[in-house]
Structure formats: C-alpha cells, structure tokens
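Below is one structure, written out as structure tokens, with a few remarks after it.
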Amino acid sequence: MDKIVIEGGVPLEGEVAISGAKNAALPIMAATLLAPGVHYLHNMPRLADIRTFKRVLGLMGVQFEEGGGHGGPPHQHQELPHRPGGPPDPEEDVLVVDASRLTGWMAPYEVVKTMRAAVLVLGPLVARARQASVSLPGGCAIGARPIDQHLKGLEAMGVKITLNQGYVEAKAKRLEGAEIILDIPTVTGTENLMMAATLAEGTTVIHNAAQEPEVADLARFLVAMGARIEGIGTERLTIHGVNALTPTSYRVMSDRIEAGTYLAAAAITRGRVSITNAPVGEMSAVLEKFQEAGVRFTIENSSILVEPSGSLTGVDVKTLPYPGFPTDMQAQFMALMTLAKGASIITETIFENRFMHVPELNRMGADIAVSGNHAVVRGRRHLLGAPVMATDLRASASLVIAGLAAKNTTEIHRVYHLDRGYARLAEKLAALGARLKRMPA
Ligand code: EPU
C-alpha cells in the first residue's frame, strides 16, 4: 500500500487539466448495457473505480478496449455529442465499450462492497435483460446509504423485487412507465430509474429527481443513444420509453469536484494556477464560497485562473443537493478554512458520517469541533505536518490539501482512496511544483 509524502509550504504554480468526471463516467458506462453494440466514451478518467466497474460489466459479457484520442469512427468523432465548454482534447482517454452480448446479470458482493456505484447496473439490466441480481451495498465510511428509493421506483415500474441472501433480485416481464415521487433527490437512484425508464412501455415521470450535472450528463448520453427525455437538469424528468437504443460516441463532462479540489489546493498554498477543462458553469455554489472566503480567481471560458490570495476569511457552508454546495467538496473546503481568519461553520446535510477528516486535520494542528452535523472551524496561523490517513476519497483529498500548506512533512496513508477518484493526483500536483512523492508505505 502506497503513501504520499508531502513537504508543505510551496505555492503551486502552473497549469492543471481536469479529467473526466468519475460520477458521470460510471453511470454512462452502466448505460452502455442498454444498447447492444460498440460505444466510444471520450474523456474517460483513469481511475481505480473505472477499472473496478469494467470488471463488473465484464462479468456481464461487456468487452473493453482502451485508446488515447483516436476512438470512434472518424465521422462519429466529428459529430461527437459533448457538453459545451471547449473542443475535445486530442490526448484524451477513450474507452471503447462493446455491449453486444449480455451473458450475465449479477453484481456480486465482493465488488459492490468496495464500490457502491456498482448498484448502477440495476436499472439498465432490468431494462435490457428483464432481470438483475445485485448485492445490497450496506453501509460505508460516510453513512448507511440505503437504496430504498431505487427499489421503490423500480417496483412502481412493474419490477418484482425480492431480497435473497443479501442480494436484490429484480425481475420484470415488462417495464411500464410510472409516476415516481422520490423521497430524497438521490443521485444514483435517479440515474437507475431514468435508465430503466428509457426502455419501458409508456411514460415515466420522476419527481424530486436529483439535478446534479452528472445526472444531466447521463441523460444527454441516453438521448444521444435515442432515448426521449424531457426536463434534463431539472427536478422533474419525463422519460418516454422507446423500443430500443443504439450505441453512440460521447464525451463525458469534466469533473467539477476535481476542479474544486485543485482550486482549494491552489488557494491554500497562495499559488498561481490555471485550472483548465473545468465545468465552470456547474460550479457556481463552490466558486461563490471560494470568492466569499477571499480566494482570488477569474474565469476564462472553461478555465479557472487562480491568483495568490491575501488572507482568507472563514465562511459558513452547508452541503445541499445540486445546485447547492456539494457534499463531495465539503472536506476540501474545510481544509482551506483551517487557515482562514475567524470561524466557519460547516454543516453536512447529505451524509450522516462525513467528518472523518476532522480528527486527522486536528492532528495537523487545526482547530475543529464537531457537534452533530456541524463542524466549527477556527482558523489557525499554521498547520503542522503529520502522518495521517482517511477512510474515504474526499477526506483523503482534504488531507492532501492540508499537507500542501503544512509546515514540514505530511504522510498520507491509504492512497488507494485517492486512486479511486483522482486521476494521476501525485503527478498533477508535482507538475504544479508541489514537493511530494508517492512511495510504498
Ligand atoms: N438515500 C436514501 N435512500 C436511497 C438513496 C439515497 O436514503 O434510496 C440517502 C443516502 O443515504 C444519502 C442521501 O440519500 O444520505 C443522498 O445519497 P445519494 O443517493 O444521492 O448518493 P449516491 O447516489 O449514493 C452520489 C455520488 C457520491 C455523492 C452523492 C451526493 C456517485 C457514484 N456517487 O452517491 O459521490 O457524494 O451522490 O452527491 O455518483 C464521491 O464521489 O466521493 C461520492 C461519494
């Protein structure tokens, strides 16, 4: 198991390109199950979670090929549907997905327990194979995370759900459009139901749908395959079922959380960094909070140009479903607040146990007190390096950010969490001048 060793205190400088969004890439990979044939997915991030998901889809008969910039028949590449925000990067990573043959419909416990997103196969499998067997994910480091809303929606569409030995067994003779009101605007729940509804008979309306940009990106991919979806990006999705979908080429959106993470890293080191290929249109709540805290930056097309800031001010943050401040940026923003003037109150409303970074940041000299779902951060003048570890992806990212600003040496253990969600993190930071090394622990 590797660790990352950081000598803090170096202002970051240079340019960093943001990769494709993990949380858009995963559902889009799942959605390829809906259309037999060969898909070309562009701007795919190189992440452990993507490799894990390839294994899951492999169990279902899906085959993969990787390329670097030449994926897709040329005529399709020219007309590649992609989000606004700049032309595709010629160096970008392409994943060729052949979903012609479906030979299995089971997502085993061994995988789902390590990557909850594997539950995203449920909707597409039921739609295409009329059956699925998916291990219940159970709890994880950040909370209990049930999938009752996924199941409730599928049942409304005529899917018979039973629980057997920890597995959700789903079967349907036919899928019917339904009116679904979600209790919570769940991200992967909305994605599962939207995918299933594309091949249902009739119209499905999902009320209180998640409006996260990654849900919208998946919807655009589905539309590129021939799905009929209205209300993309809103809390009311209307999906008119079609008989079949056809494979396509698609460019996955860039990762707003990765972009926000580099913004925090640049700001905490008082660096001068251009963050390119960032989905700035989908980062408003995050950008506003950084601005309020005194971080100096300008936006130019799809780049965030960060300049060395003066002293930072503590600001309050509450995580909310999109368009609110994302829970996936909470830990990184908290790291920044540890060195701001004054106090900030950070309230986590999405997950009940997402403050595991707090004791580790405190070991680095931060002053953070947690009460329920509030964390009060009192800004300090310095952080001090220490060996630290975290139990989830974003918590680990917050420790890296703290380490970049801390005096002396910080060792981040359990780097595999970072590998799950940050493409080439150590290389990208080193290219910005950070003094850091990845080495065996
Ligand atoms: N919830 C339920 N019942 C359900 C579904 C969700 O009670 O059926 C609850 C959850 O327990 C949680 C809240 O609803 O308290 C929101 O959970 P949601 O379902 O929206 O989260 P998710 O779909 O499991 C995705 C991202 C997470 C991100 C959250 C919130 C993917 C693959 N994962 O998870 O990403 O934090 O939405 O935005 O898209 C990460 O990237 O580090 C990460 C954890």
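The values are calculated or read from the model by the stated rules, or taken from the named source; none is laboratory data. Just so it is clear, the structure is predicted and the values come from calculations on it, not from any experiment. Here Cβ is always computed from backbone atoms with ideal geometry, including for glycine, and neighbour counts include all displayed protein chains. Keep in mind that these areas ignore ligands, DNA and RNA; they rest on the heavy atoms of the full protein, side chains included. Shrake-Rupley method; radii C 1.70, N 1.55, O 1.52, S 1.80 Å.
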Can you name the residue in segment 47-65 that is surrounded by fewer than 20 Cβ atoms within 10 Å (Cβ to Cβ) and more than 21 Å from the chain's Cα centre (by Cα) and is also modelled with the lowest pLDDT among such residues? GLU65
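State which residue is least open to solvent (accessible area, probe 1.4 Å) when the search covers only segment 339-350 and only residues that are among the polar types (S, T, N, Q) and over 15 Å from PHE290 (Cβ atoms).
Across segment 339-350, the extreme among qualifying residues is THR347.
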Within segment 183-207, can you find the residues that are more than 21 Å from the chain's Cα centre (by Cα), within 20 Å of PRO146 (Cβ to Cβ) and part of a loop (DSSP other than H, G, I, E, B)? ASP183
Without any contact (Cβ under 8 Å) to a residue 12 or more places away in the chain and either within 16 Å of the ligand (Cβ to nearest atom) or open to solvent by 10 Å² or more (accessible area, probe 1.4 Å) (or both): is that true of GLU201 in this structure? no
So in segment 204-234, with the set limited to residues that are open to solvent by less than 10 Å² (accessible area, probe 1.4 Å) and β-branched (Val, Ile, Thr), which one is nearest to ILE257 (Cα to Cα)? VAL215
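Just a yes or no: is a residue in segment 325-333 away from the ligand (no atom under 16 Å from the Cβ) and either out of contact with any Phe, Trp or Tyr (no Cβ under 8 Å at 6 or more places or on another chain) or open to solvent by 10 Å² or more (accessible area, probe 1.4 Å) (or both)? So that I can check it myself, show each step before the final result.
Step one: filter segment 325-333 for residues away from the ligand (no atom under 16 Å from the Cβ), giving none.
For segment 325-333, residues away from the ligand (no atom under 16 Å from the Cβ) and either out of contact with any Phe, Trp or Tyr (no Cβ under 8 Å at 6 or more places or on another chain) or open to solvent by 10 Å² or more (accessible area, probe 1.4 Å) (or both): absent.
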What tally of residues in segment 108-163 results from selecting those that are outside any helix (DSSP H, G or I), within 15 Å of the ligand (Cβ to nearest atom) and free of Cβ contacts under 8 Å to residues at least 24 places away in the same chain? 3
Within the set of pairs 6 or more residues apart or between chains, which connect a residue that is more than 10 Å from ILE257 (Cβ to Cβ) and within 9 Å of the ligand (Cβ to nearest atom) inside segment 15-27 to a residue that is in a strand (DSSP E or B) and open to solvent by less than 20 Å² (accessible area, probe 1.4 Å) with Cβ atoms less than 9 Å apart? ALA24/SER254
Any pair with Cβ under 9 angstrom, 6 or more apart, that starts in segment 301-323 at a residue that is within 15 Å of the ligand (Cβ to nearest atom) and ends at one that is among the small types (Gly, Ala, Ser) and assigned to a strand (DSSP E or B): VAL317/SER344
Please verify whether segment 27-46 includes one or more residues that are in contact with a helix residue (DSSP H, G or I) (Cβ under 7 Å, 6 or more places away or on another chain) and surrounded by fewer than 19 Cβ atoms within 10 Å (Cβ to Cβ). no
Subset of segment 174-191, residues in contact (Cβ under 8 Å) with a residue 40 or more places away in the chain, within 9 Å of the ligand (Cβ to nearest atom) and either touching a helix residue (DSSP H, G or I) at 6+ places or on another chain (Cβ under 7 Å) or outside the structural domain of ALA35 (by TED's automatic domain parsing) (or both), comes to VAL187, THR188, GLY189, THR190, GLU191
